[in-house]
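Here is the structure we will look at, set down as structure tokens.
Nothing in this text is a laboratory measurement; each read-out follows from the coordinates by a stated rule. Owing to the predicted nature of the structure, the values given are computational and were not obtained by experimental measurement. Quick reminder, even Gly has a Cβ in these numbers, built from the backbone with ideal geometry, and neighbours come from all protein chains shown.
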Amino acid sequence: MRKLCNSLKEAIEKSGLRDGMTISFHHHLRNGDYVLNMVLEEIAALGIKDLTVNASSLFDCHEPLLGHIENGVVTGLETDYMSSGIGGPISRGVLAKPVVFRSHGARPAQILDGTSHIDVAFVAAPASDPMGNCSGKYGPSACGSLGYAFPDAMKADKVVVVTDDLMDYPLTDASITEDYVDYVVKVDAIGNPKGIVSGTTRMPKDPIALKIAELAAQAIDASGLLKDGFSFQTGAGGASLAVADYVKRIMLKRNIKGSFALGGITGYMVDMLEAGCFQAIQDVQCFDLQAVQSIREDPRHMEITAAQYASPKAKSSAASNLDVVVLGATEIDTNFNVNVHTDSNGCIIGGSGGHTDVAEEAKLTVIVAPLSRARMSIVVDKVLTVSTPGSSVDMLVTQYGIAVNPARPDLEAAMKAARLPVKDIRQLRDMAVALNGPAKPYARTSDRVVANVLARDGSLQDVIYQVK
Amino acid sequence: MRRTMLFLPSNNPNMICNGGLLGADSLIFDLEDAVAPDQKDAARELLKNALGSLNFGKCEIIVRINGLDTPYWEEDLEYILPLKPDMIMPPKVSGGDYIRTLDQKLTELEAKFGIPVGSTKILALLETAQGVENAYEIARASKRMMGLFLGAEDLSADLRCKRTKEGSEILYARGRLVCAARAAGIEVYDTPFTDVQDLDGLEKDAQFAKGLGFSGKACISPAHVDTVNRVFSPTPADIQYAKDVFAVIAEAKRLGKGAISLRGKMIDAPIVQRARLVLEAASEIEGVDYFAETV
Amino acid sequence: MDIKREAMAGTLESSDICVTVQPAAEGIRIDLNSTVENYYGDSIRETIGAVLQELGVRNALVSAVDHGALDCTIRARVTTAVKRASREEPQK
């Protein structure tokens, strides 16, 4: 049986791709990905049209997608995150059908239960053998964990592995195995290594971000969760990442033996593993070279699938075992609803990613954010888009103090007992207004819906309107 | 209490807006070295507007004006004084006359702007060999004089030596300033540590300055504020000792004893004064009234 | 004050506003490009106008590129630009 194709064109033809079908991609090559663009270019050249693209995330490097939308090759988009380079044009209405936004946990849930059907999955793999046993840990374009690719590989009607490092059969440390793969294609490069993972993740230098991070670490400590068996997840940059550093200092000082770190993994988490702060890392995505090396070499650093990570339909998930998560926000309102889809002008600049999932599942969800950014208040009366409902959010930490969700009086008491600065969230909103000056209320300029934001259970959580 | 004084460039809106949150006891808004000559006007205008509308919390406001040998200093004061800064920091102070000239100008402007005459204080920046030698005279040159501040970068240039982290080259200057300030009954502040990343070096430098008797230390980076605050704050042991001193005094009063001793040492006026300063600082830092417990 | 020449104040950095003032034949014209147009556009134009009026400027073309400057910063930058633009000779 010969799965190896001579070209992407051949693989696409063999897959039986037709007009109106759904194709999928994972986003482990991040802003260095070449595969999505290469595949769509071939598809367009073959004259295939009206496709839906289900990509776990989209980045600025996927800008050629806009041309395919204009030409009718792509008429539907489903994703968990889209950077502003794609989000801007989408917000301005280039796509006729509304985008479907899911979370990183709901996407695999709906693929695996059949709600979200994929005709052809294109799995970019940094290393693969000719039968499709493939991995993200090896090769010049190594990206580490292939977490988000698993549901696609398992359920799509046809699976095409695209690699730039063809290895001898059998690839012994395969993540996705040959029993799921239909075709294998070797290309010159699946992506630009510099865009795939950052060399090193750097701590922020902004003194306000550091102040917020330090306060957040103190809040986590005061919550009582920071003890032996502690499990933890943070974002990959800014104040979120800095929190990890402050938490690490506390853990090392008090010799706390945590259980696992989860995420989105950076070298900082690897450092914490190696320092003995955690017994394991559960990794759904690697952000830097240090994380890639660690997942390859350290048996305590686990690759987990997207469903294992955060599917609401999983029998249990890593997220459902999580103690504390630290997340960001572009906006948070007085009911603690968080917006990570749009900026203050209603323009799409992101998406839930794993935000909504982990916020709901974790015992303690901490949002870290400055009170305002360049005159834009983070704390508002009502968010423009509900990405994560307030019921999932326990506290907001800003440089002016901590606001605790009224549903958690136990937490507020703990913060006060630790003499941490506690403020009512409406007080924080008022401080932002006092600092920035009263603003004109946001006026929606269009009633046309450009995106549907689905809740974890698949129901409609919110919509995003077109902006000028 | 002035454990930390953080330098902020006056022409930078972002830094000014966040200044009050960085944990420093005092903010030094710099119109001198941090502002290019062709932007002095913009910096004055921005500082004037910022001081008039932003809230800096409990931070003391200090403005470093341009030197009296420049064409800028008088306009600096014209712009800033109506905003009632707590202190003016003149740079490159060489001798008593310098302070007297500044004093006169401040009096003139306070009267002009309806500010209580004498309320604007002076923190003199000594960064030349002459300034160091004339430290005692400078410290006594005006009733507005609140403190001496050492500027080691420019000083080492004047001394024709290299500035080092270890600091032997400024040892005499440090000692001289502390002595002069204390002899004149005013405060004294140490030069900032210039390696932003080296927090261990900063800690050593700050501890050394504290050991010499400095009241506090300036910082050129927000990242340094926490360390310097900690070094110049009373330690739990200091606080306990101070409480013990007052306890033993109260006990002696009750028993009608004359001579008081604690742990084998005579408690005389300087020790009581030091204990009082410690409890005052601790009370302010922690928002707790330590004196209530001593009654 | 009379606007005699073109002059600029401020920078393009976050929380600042870059203001350029030029002579104009008649009246005040304000061209604003702001990251917070939807929320503060009108208020910024009003502030600029108010400062011009306070300084006695009746004819000027003001172009401003704003990155979320607070009111006090806007006032400062406009004032500085106007003062520079109304000087007899270029600043030394």
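Seen from every direction in turn and averaged, the convex hull around the alpha carbons of the stretch A:103-231 projects onto 11.4 nm².
Can you bin chain A into rounded, prolate or oblate? Criterion: square roots of the alpha carbon gyration tensor eigenvalues sorted a ≥ b ≥ c, rounded for a/c under 1.5, prolate for a/b above b/c, oblate for the rest. Because a/c hits 1.5 or more and a/b fails to exceed b/c, chain A counts as oblate. The fewest-to-most ranking of A:H104, C:H67, A:H301 by surrounding Cβ atoms within 10 Å reads C:H67, A:H301, A:H104.
Cα centroid separation, the stretch A:43-99 to the stretch A:282-319: 28 Å. Amide H contacts for A:V380 (H built 1.01 Å from N in the peptide plane; partners 5 or more residues away or on another chain; cut-off under 5 Å): A:I332, A:D333, A:T334. Entry note, chain B: the mean residue ellipticity at 222 nm calculated from DSSP H runs of n ≥ 4, each adding -39500 (n - 2.57), is -14000 deg cm²/dmol after division by the residues and rounding to the nearest 500. Over all pairs of different C-alpha atoms in the stretch B:53-136, the reciprocal of the mean inverse distance, the Kirkwood hydrodynamic radius, equals 13.4 Å. Helix A:207-222 and the longest principal axis of the C-alpha atoms of chain A enclose an angle of approximately 80°.
Between A:A369, A:G267, A:P130, the Cα set farthest toward the positive side of the dipole of chain A (charges on each charged residue's Cβ, about the Cα centre) is that of A:A369. Shown for A:I367, B:I260, A:I265: other C-beta atoms within 10 Å of each C-beta, ranked fewest to most, produce the order B:I260, A:I367, A:I265. For chain C, the alpha carbon positions stretch 36, 28, 18 Å along the principal axes, listed from largest to smallest. Kindly identify the stretch B:4-232 as rounded, prolate or oblate by the Cα gyration tensor criterion: order the square roots of the eigenvalues as a ≥ b ≥ c, call it rounded if a/c is under 1.5, otherwise compare a/b with b/c, prolate if a/b is larger, else oblate. Oblate is the answer for the stretch B:4-232, as a/c is 1.5 or above yet b/c matches or exceeds a/b. Largest mean-square fluctuation among B:P236, B:P192, B:P82, in a Gaussian network model of chain B whose springs join Cα atoms under 10 Å apart, belongs to B:P236.
Taking a label point 7 Å from the Cα of A:D179 along the Cα→Cβ vector, which residues of the stretch A:302-334 have an amide N closer than 20 Å to it? Inside the label zone: A:303-308, A:315. Each principal axis of the stretch A:293-352 carries a Cα extent, and these read 45, 29, 20 Å when sorted largest first.
I'm checking a number: the convex hull volume of the Cα atoms of the stretch A:133-205, normalised per residue, in Å³. What is it?
It comes to 106 Å³ per residue, whole-number rounded.
The mean number of partner chain beta-carbon atoms within 10 angstrom of a residue's beta-carbon across peptide C:11-20 is 3.
Computed from Cα positions, the angle between helix C:37-54 and the longest principal axis of chain C comes to roughly 20 degrees.
Between the helical axis of B:171-184 and the longest alpha-carbon principal axis of chain B there is an angle of about 70 degrees.
The charge dipole of chain B, taken about the Cα centre with unit charges on the Cβ atoms of Lys, Arg (+1) and Asp, Glu (-1), comes to about 1200 debye, rounded to the nearest 20. Two numbers describe the Cα atoms of the protein assembly as shown: Rg and Dmax, which are 31.7, 106 Å. Computed from the alpha carbon positions, the gyration tensor of the stretch A:207-443 leads to an equivalent ellipsoid with semi-axes of 29, 20, 16 Å, biggest first. Straight Cα distances below 19 angstrom link B:K48 to the lysines B:K40, B:K58, B:K84, B:K105, B:K112, B:K121, C:K83, with same-chain residues fewer than 8 positions distant left out. Just going by the charge dipole of the stretch B:166-264, with Lys and Arg at +1 and Asp and Glu at -1 on Cβ, which of B:F208, B:C219, B:A181 is farthest out on the positive end? Checked the options; the winner is B:A181. Taking the Cα centre of the protein assembly as shown as origin and assigning +1 to Lys and Arg Cβ atoms and -1 to Asp and Glu Cβ atoms, the resulting dipole is close to 2140 debye. Seen from all directions on average, the stretch A:188-322 presents a Cα convex hull projection of 9.3 nm². When the Gaussian network model of chain B links Cα atoms closer than 10 Å, the mean-square fluctuations of B:L202, B:L148, B:L159 top out at B:L159.
Only one residue of A:I295, A:N321, A:V284 has its Cα farthest out toward the positive end of the dipole of the protein assembly as shown, where Lys and Arg carry +1 and Asp and Glu -1 on Cβ, and that residue is A:N321.
Cβ-to-Cβ counts within 10 Å put B:S94, A:S91 in ascending order as B:S94, A:S91, the fewest first.
What residues from the stretch B:87-111 fall in the zone where the backbone N is under 15 Å from a label point 7 Å along the Cα-to-C-beta line of B:E137? The answer is B:93-101, whose backbone nitrogens lie closer than 15 Å to the label point. Charging the Cβ of each Asp and Glu at -1 and of each Lys and Arg at +1, and nothing else, the dipole of the stretch A:61-124 about its Cα centre rounds to 140 debye. Restriction of the trypsin sites (Lys or Arg not before Pro) in the stretch A:125-208 to DSSP coil positions whose beta-carbon has at most 15 other beta-carbons within 10 angstrom yields A:R202, A:K205.
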